[in-house]
Amino acid sequence: MKPYSILIVEDEAPLNKALVSRFLTLGYTVYESNNGTDALRLAFEHKPTVILLDLNMPKMDGVTFLEYLREDSWGKNALVLVLTNLDLAPEMIESLSVTKPAYYLVKAEWELTDIVTKVEEIISTNLDSPETEPQV
């Protein structure tokens, strides 16, 4: 496995801790933040392979984070997996998918192993096949 990095942006401490622990165990370099402002700084500083992003966070919400991220030349192509428990309207989901490559999961519907599997799938689809466009 290539040395991948992940930025975990999650303000729910138990989930954050579980995600950090799991990805460290798998050999990822892990960066973490519990708010959007610090997460944006970490994203630009470290340019992680994948960003796990909660939408409902203090200081800066996930949608605003994505808007700022996508304005950057690196950030416009950053791989983002959105995790939320919010009941989003279809137009909100549509606006998130415009900020490609982005993926969307409802936390309540997924187990930790499912999140790990999705991250690995995103990496495999987008990075392990350099000839292909990012898949959404």
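The values are calculated or read from the model by the stated rules, or taken from the named source; none is laboratory data. These numbers were taken from a predicted model, which means no experiment stands behind them. Please note: Cβ atoms are built from the backbone with ideal geometry, for glycine as well, and neighbour counts cover all protein chains shown.
For the condition surrounded by fewer than 16 Cβ atoms within 10 Å (Cβ to Cβ) and over 20 Å from ASN126 (Cα atoms), GLU10 does not qualify. Considered as a group, the residues in segment 1-54 that are farther than 17 Å from LEU81 by Cβ and aliphatic (A, V, I, L, M) include one that is modelled with the lowest pLDDT, and that residue is MET1. When you check LEU42 against the structure, is it closer than 21 Å to LEU127 by Cβ, under 13 Å from the mean Cα position of the chain (by Cα) and part of a helix (DSSP H, G or I), yes or no? Taking the combined requirement at face value, the residue satisfies it. Figure legend. Inter-residue proximity from segment 36-51: first residues within 16 Å of VAL20 (Cα to Cα) and without any contact (Cβ under 8 Å) to a residue 60 or more places away in the chain, second residues of a type in the set (D, E, K, R) and crowded, with 17+ Cβ neighbours inside 10 Å, beta-carbon distance below 9 Å, spacing 6+ or different chains. Indicated pairs: ALA39/GLU32; LEU42/GLU32.
Contact map, segment 58-84: residues that are closer than 24 Å to GLU12 by Cα and surrounded by 15 or more Cβ atoms within 10 Å (Cβ to Cβ) paired with residues that are at pLDDT 90 or above and among the charged types (D, E, K, R), Cβ distance under 6 Å, separation 6+ or inter-chain. No pairs are found.
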